[in-house]
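Engineer: Here you go, one structure.
The values are calculated or read from the model by the stated rules, or taken from the named source; none is laboratory data. Bear in mind that the values here come from a model prediction, so they are computed numbers and not experimental data. Cβ placement follows ideal geometry from the backbone for every residue including glycine, while neighbour counts extend to all protein chains displayed. Each accessible area value is taken on the protein alone, full model and side chains, heavy atoms only, with ligands, DNA and RNA left out. Shrake-Rupley method; radii C 1.70, N 1.55, O 1.52, S 1.80 Å.
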Amino acid sequence: MMNEPLTTPITPPRVRIAPSPTGDPHVGTAYIALFNHAFAKRHGGRFVLRIEDTDQSRSTLESEQAILRSLRWLGLDWDEGPDVGGDYGPYRQSERTALYQEHAEQLISQGGAYRCFCTTERLSELRARQKEKKEDTRYDGHCRELDAEASRARAAAGEPCVVRLKMLAEGKTLIQDLLRGEIPYDNRQIDDQILLKSDGFPTYHLANVVDDHLMEISHVIRAEEWIPSTPKHLRLYELFGWTPPVFVHLPLLRNKDKSKISKRKNPVSLDYYERAGILPEAMLNFLGLMGYSIPDVEEKEEQFTLAELIETFDWSRFSLGGPVFDVEKLEWLNGNWIRAISPEDLLERLYAHVLSKDYVASFVAHVQPRIRRLDEFVDTAAFFFNGKLESPTELIFDKFKKRHDAKDVLDALLALTERLDRLLGWDEALLEQALRDQVEALEWKVGDLFMAARIAVTGRKASPGLFETMAALGKPMCQFRFRDACERLKPLAKEAVQERQKRAAAARLAEQTP
């Protein structure tokens, strides 16, 4: 049962979006940002952007800049943040580490947290034993009751340790959620979460709570996947003696099969949708339909503006069923928006994105040697402008099918796609190294994998240089095309597996025949 909808806050709310700069800007980030933004603006509040970059091994400035640019592309401007400042900064968690360390020490001194000296090896062995016994994998409290003076001395001597939260061992924690009402959690099922890592950086849990309190966040509006973490956060609020914010956990975006949205089934990068020609108005409109219903929208075929969403925003209009991120519906809605703007506006947008001078300049020199007349440019460079390619999938393995069947090629492209996903940059040198590393891992001929990649990316056997082409197309579009090629290969790969099984059965029969 849902709590009473919050329509008139006592004071203007302060809300935040807190993305981690560890990859491409995600549609899920925009979805959460949209409703934070709409709620704040509906009630004259403040929308804060905070960068949660405590994972120093994965966080990059490039990713942070991409997130900021994508949210601005959508028109979801913030009142405070790392680039615009504010009274509660700094707004990057990596610049606030001293605050987290002070608060961790405070918890240790009052008995609400403890140092844990367990090694990686011990924890791995513990998890292995728990899995073998089919138990929940969780920390066993080995260091929970260490003598305080001995613990302090070991840390002072330089012995590596983390700081863990001392959770309650009995009773229940009751989460009060604005959309979901009361959610009980058995404290015995919640392990002692790491708060401070051995490198001195906090985990999400400590940094999140400390920052939300110090930045005076009134409402934490986030995805429902954080519900299981909320008892730990409430424990921290209790230990610090702070009043917790109002929690609002929005339903997760889902694929058509109701699984959590992921790049393996749908493009999830905002960069991809911008590159593919989705209008920002259409993307906001589409995300606004995810679990939310706006009054009288049926009369306009579900089309509404950000201003209309803000004007009518009310928590009572949310549904907790998993909203489906249906790309076909997004494209249908985008078509409506395209038809609604003027031809002059459309032309400006084409020049700003699809036909921008900077984008065409990134590949024109590579196309130039391949044309004899200017009118050949459009056909020769078509794959630089298209989204989904329509070339026959058989092309991918036509040239080397005697060495590799469709199953081989599918496995190779899947492995290559995963490798490319992990790249922190996207330039010709990095791409060439990644493909050559994959050739070595597969023990394929260079030309075979390069040809499969070329056709997956361009739909052609002949094109400008593979790495130059991939660099110009950009990571989101290449990721989409590789995954699309893999999807189209799956039926052929299934046939290849069946053919292998037939040959193996025939071989076994031949061996048994006298």
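Engineer: Taking the criterion of being farther than 22 Å from residue 89 by Cα and either open to solvent by 40 Å² or more (accessible area, probe 1.4 Å) or under 25 Å from the mean Cα position of the chain (by Cα) (or both), would at least one residue in region 202-215 satisfy it? Steps first, please.
Structural biologist: Step one: of region 202-215, the residues farther than 22 Å from residue 89 by Cα are none.
Checked against the condition, which is being farther than 22 Å from residue 89 by Cα and either open to solvent by 40 Å² or more (accessible area, probe 1.4 Å) or under 25 Å from the mean Cα position of the chain (by Cα) (or both), region 202-215 yields no hits at all.
Engineer: Being without any contact (Cβ under 8 Å) to a residue 40 or more places away in the chain and among the hydroxyl-bearing types (Ser, Thr, Tyr) is the filter; apply it to region 31-67 and report the residue that is least open to solvent (accessible area, probe 1.4 Å).
Structural biologist: So the residue we want is 59.
Engineer: So, one more: Is it true that residue 400 is open to solvent by 30 Å² or more (accessible area, probe 1.4 Å) and either within 28 Å of residue 486 (Cα to Cα) or in a helix (DSSP H, G or I) (or both)?
Structural biologist: On the way: open to solvent by 30 Å² or more (accessible area, probe 1.4 Å): no; either within 28 Å of residue 486 (Cα to Cα) or in a helix (DSSP H, G or I) (or both): yes.
The answer is no for residue 400.
Engineer: What pairs come up if the first residue lies in region 213-228 and is under 12 Å from residue 47 (Cα atoms), the second is open to solvent by 40 Å² or more (accessible area, probe 1.4 Å) and among the hydroxyl-bearing types (Ser, Thr, Tyr), and their beta carbons are under 6 Å apart, counting only those six or more places apart or on different chains?
Structural biologist: So the pair list comes out as 215/88.
Engineer: Criterion first (farther than 18 Å from residue 181 by Cβ, out of contact with any Cys (no Cβ under 7 Å at 6 or more places or on another chain), open to solvent by 30 Å² or more (accessible area, probe 1.4 Å) and among the aromatic types (Phe, Trp, Tyr)) does residue 226 satisfy it?
Structural biologist: Details: farther than 18 Å from residue 181 by Cβ: no; out of contact with any Cys (no Cβ under 7 Å at 6 or more places or on another chain): yes; open to solvent by 30 Å² or more (accessible area, probe 1.4 Å): yes; among the aromatic types (Phe, Trp, Tyr): yes.
So residue 226 does not fit the description; no.
Engineer: Shifting gears a bit: When you go through 490, 445, 475 one by one, which is the residue that is modelled with pLDDT of 90 or more, in contact with a Lys or Arg (Cβ under 8 Å, 6 or more places away or on another chain) and open to solvent by 20 Å² or more (accessible area, probe 1.4 Å)?
Structural biologist: Numbers: 490 fails: in contact with a Lys or Arg (Cβ under 8 Å, 6 or more places away or on another chain); 475 fails: in contact with a Lys or Arg (Cβ under 8 Å, 6 or more places away or on another chain).
So the residue among 490, 445, 475 that is modelled with pLDDT of 90 or more, in contact with a Lys or Arg (Cβ under 8 Å, 6 or more places away or on another chain) and open to solvent by 20 Å² or more (accessible area, probe 1.4 Å) is 445.
Engineer: Moving on to the next point. Exactly one condition in (1) free of Cβ contacts under 8 Å to residues at least 12 places away in the same chain; (2) within 23 Å of the chain's Cα centre (by Cα) is not met by residue 416; state its number.
Structural biologist: Answer for residue 416: the failing condition is (1).
Engineer: Looking at region 493-514 only, could you name the residues that are open to solvent by 30 Å² or more (accessible area, probe 1.4 Å) and either at pLDDT 90 or above or closer than 21 Å to residue 392 by Cβ (or both)?
Structural biologist: As a first pass, look at region 493-514 and keep what is open to solvent by 30 Å² or more (accessible area, probe 1.4 Å): 494-495, 497-514.
Within region 493-514, 494, 495, 497, 498, 499, 501, 502 meet the criteria.
Engineer: Sticking with this structure for a sec: Being in contact with a helix residue (DSSP H, G or I) (Cβ under 7 Å, 6 or more places away or on another chain) and either assigned to a strand (DSSP E or B) or among the hydrophobic types (A, V, I, L, M, F, W, C) (or both) is the filter here; which residues of region 74-85 pass it? Don't jump to the end; show me each part of the working.
Structural biologist: The initial filter retains those residues of region 74-85 that are in contact with a helix residue (DSSP H, G or I) (Cβ under 7 Å, 6 or more places away or on another chain), namely 74-76, 83.
Of everything in region 74-85, those that are in contact with a helix residue (DSSP H, G or I) (Cβ under 7 Å, 6 or more places away or on another chain) and either assigned to a strand (DSSP E or B) or among the hydrophobic types (A, V, I, L, M, F, W, C) (or both) turn out to be 74, 76.
Engineer: Separate question: Do you know which of the residues in region 229-245 that are in contact with a helix residue (DSSP H, G or I) (Cβ under 8 Å, 6 or more places away or on another chain) and outside any helix (DSSP H, G or I) is least open to solvent (accessible area, probe 1.4 Å)? Don't jump to the end; show me each part of the working.
Structural biologist: Looking only at region 229-245, we keep the residues that are in contact with a helix residue (DSSP H, G or I) (Cβ under 8 Å, 6 or more places away or on another chain), and these are 229, 231-233, 236-237, 239-240, 242-245.
Now drop any that are not outside any helix (DSSP H, G or I), which leaves 242-245.
On the way: 242: 44, 243: 119, 244: 56, 245: 17 Å².
Selected residue: 245.
Engineer: For region 261-273, state whether one or more residues are buried (at least 21 other Cβ atoms within 10 Å of the Cβ), part of a helix (DSSP H, G or I), among the hydroxyl-bearing types (Ser, Thr, Tyr) and within 18 Å of the chain's Cα centre (by Cα).
Structural biologist: Among the residues of region 261-273, at least one is buried (at least 21 other Cβ atoms within 10 Å of the Cβ), part of a helix (DSSP H, G or I), among the hydroxyl-bearing types (Ser, Thr, Tyr) and within 18 Å of the chain's Cα centre (by Cα), which makes the answer yes.
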